[in-house]
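A.B. asks: Handing you a structure now.
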Amino acid sequence: MKKLFTRSRMWAVAAASVLAITGFAAQPASAETTPPPAPTSTKLADLQSGKTTLKVGTDATFPPFEFTDANGDKMGFDIDMVNQLAAKAGIKHVEFVQMPFGNIVPALQANQIDVGASAIYISSERAKAVDFSDVYYPGGLGIFVSDSNTSVNSLADLAGKKVAVQVGTKSVEWLEQNQPKAELIQVQTNDQMFMSVKLGQADAVVTGQPGGRYFIHEQGGLKQVGDRLTNENYGYAFQKSDTAIRDAFNTALKDLHANGGYDKLTTQWFGDVVDAPTEGAKKHSLINISSITNSAGPLWNGLMTTLQIIGMSLCLSLGFGMLGGFARLSKIRPIRWIGTVYVSVIRGTPFIVQLFFIYFGLPQLGLQLPPMVAGVLALGLYSGSYVTEIVRGAIQSVDKGQMEAARSCGMSSGSALRHVIIPQAFLRMLPPLGNEFVSLTKNSALVSFVTISELFLVGQTIISRTFDALTVYLFIGLVYYILTNIIGLVANRLEKKLAVYI
């Protein structure tokens, strides 16, 4: 554990605590006293000294609040606001962590991040789990439909209609309460909401009014129906365990209002959206190679991260699989039972549930893992359960006479297993192992849900800026197609070369 105080400072704090306690005890129970000032937060002190970095969770797919530029750098109203508020609060270093919107509150509860900044509505339900700053921008939900839609003119018209909403947002809860007859289509990102209406997959979008107006300004094809539905406002979310950072942000926000900095930011990010006509909306062709070439750097970095994840997970999968396979074949009942439970539990539950349990659940039990470690561990455990059965089946498929023959030649059971049984079993493992590693490669895209900036997550951030889903998803699919075919080719070559030994 890091030493947070010097010895002299520890004595000073202890003395101050004793004086405060004795002073309070000396007061009569009925006397009105001014409570002593709250002690300075240790976490805030570390942030202000530069010892630690403020981790800010955000879903950078919601322009103009947060999105990425062609170089993969985060930008937007929230990004600028947090940087300015942190600077005013004396915080030296700020790091923005990309994550799906629905994961921000769980990440705060699991101590994975310090602040949630992603156009989050202040609500009584969320306030039970996290603390909020003062309002930093007026929000409110709005209804958006395609330009040609004349059947939706009010909230009542959404009955029986397909309404696109983003998972974990206020829109979901509000519509369930105020228009339960609407058929909700829940998607992960902001661009998926709007594109579902443009493509005819949904009849309307209910989302934050500022985000909807920005989409209309940039892309066109949609219109807002009526005024805003609600009066909720945006706030930054903080952990309940330490209010000092929240208080520092609130003080900085008041200063930003007072010196005119806040007005400059709102004009910069929202002025054109409100005032400019929508006729200038950008037009795109069906396939836009520039969406890829302009973001070549972030895509390359995402690919390198994906390859690291695949490589480490593959090794871990083989390790778990070999251990599990031998455990399943063990003559010792407890060991055999452990192997059986491992396969049963891991294969019997969805991979995404295991991933979320490791990343968000384990911290509540006292074990906090970095995103990369959590993602690789989850992939290795999941794939390893299938490799376990491949190993077990391959070993059992070797004729029992091979073991008997080896023993008759004077070999021990262990020696016979290493030199006779396993080499033959390995050749029989290759085809199913190749298939399993192809599945592992494709499943690696799911670790994007725990903030790992691999290829798929980078692609989503590009789409949030360009709204060019077709080109980006075609490119990502092509990359995975090449990767899986390389794995399949290597497995086939090995199988053919070693087939002569069977």
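What follows draws every value from the coordinates through simple rules; no lab data is involved. None of the values given here were measured: they were computed from a predicted structure. We place every Cβ from the backbone using ideal geometry, glycine too, and count neighbours over all the protein chains shown.
A.B. asks: Where in the chain are the DSSP H helices whose C-alpha atoms run 20 Å or more along the long axis and whose mean Kyte hydropathy is at least 1.0? Each step should come with its number before you reach the end.
C.D. replies: Values: long enough: 7-26 (29 Å, 1.07); 244-258 (21 Å, -0.05); 296-329 (49 Å, 1.09); 333-347 (21 Å, 0.46); 371-397 (39 Å, 0.89); 422-443 (29 Å, 0.19); 469-498 (43 Å, 1.16).
Helices meeting the span and hydropathy rule in the chain are 7-26, 296-329, 469-498.
A.B. asks: For residue 45 and residue 405, what is the calculated FRET efficiency with R₀ set at 56 Å and r taken between the beta-carbons, to the nearest 0.05?
C.D. replies: Working: r = 72 Å, r/R0 = 1.28.
Efficiency for this residue pair is about 0.20.
A.B. asks: If neighbour count is taken as other Cβ atoms inside 10 Å, put 447, 145, 479 in order from fewest to most. Working shown, then result.
C.D. replies: Working: 447 27, 145 23, 479 17.
Final ranking by Cβ density, sparse to dense: 479, 145, 447.
A.B. asks: Cα gyration tensor of the range 140-231, axes a ≥ b ≥ c as square roots of the eigenvalues: rounded (a/c below 1.5), prolate (a/b > b/c) or oblate?
C.D. replies: Numbers: a/c = 1.27, a/b = 1.19, b/c = 1.07.
Rounded.
A.B. asks: What's the exposure ranking of 337, 174, going from fewest to most Cβ atoms within 10 Å?
C.D. replies: Details: 337 13, 174 18.
Result, fewest neighbours first: 337, 174.
A.B. asks: Let me ask something else. Please report the spacing between the Cα centers of the range 135-182 and the range 337-374 in Å, no decimals.
C.D. replies: Cα centroid to Cα centroid, the span is 36 Å.
A.B. asks: For an R0 of 41 angstrom, estimate the FRET efficiency from the Cβ-Cβ distance between residue 87 and residue 338 and round to the nearest 0.05.
C.D. replies: Step by step, r from the Cβ atoms, then E = 0.20.
A.B. asks: Set the Förster radius R0 to 51 Å, insert the Cβ-Cβ distance between residue 255 and residue 147 as r into 1/(1 + (r/R0)^6), and round the FRET efficiency to 0.05. Walk me through the numbers before you get to the answer.
C.D. replies: On the way: r = 43 Å, r/R0 = 0.84.
Computed FRET efficiency for residue 255 and residue 147 comes out at 0.75.
A.B. asks: Quickly work out the residue 183-to-residue 241 label distance, labels modelled 7 Å from Cα along the C-beta direction, and quote it in nm with one decimal.
C.D. replies: 4.4
A.B. asks: Given the pairs 400/497; 442/497; 43/92; 88/128; 331/496; 170/264, which span a C-alpha to C-alpha distance of over 23 angstrom in this model? Each step should come with its number before you reach the end.
C.D. replies: On the way: 400/497 25 Å; 442/497 26 Å; 43/92 13 Å; 88/128 28 Å; 331/496 34 Å; 170/264 28 Å.
Those over the limit are 400/497; 442/497; 88/128; 331/496; 170/264.
A.B. asks: Mind running the shape call on the chain? Use the C-alpha gyration tensor, a ≥ b ≥ c as the square roots of the eigenvalues: rounded below 1.5 for a/c, prolate if a/b tops b/c, oblate otherwise.
C.D. replies: Numbers: a/c = 2.39, a/b = 1.38, b/c = 1.72.
It comes out oblate by the Cα gyration axes.
A.B. asks: Fewest to most neighbouring Cβ within 10 Å: what's the order for 468, 247, 59?
C.D. replies: With the fewest neighbours first, 468, 247, 59 line up as 247, 468, 59.
A.B. asks: Taking 0.36 nm per intervening residue step and subtracting the Cα-Cα distance, what contour gain separates residue 286 from residue 224 on full extension?
C.D. replies: Details: separation 62, 0.36 × 62 = 22.32 nm, distance 2.53 nm.
So the extension gain works out to 19.8 nm.
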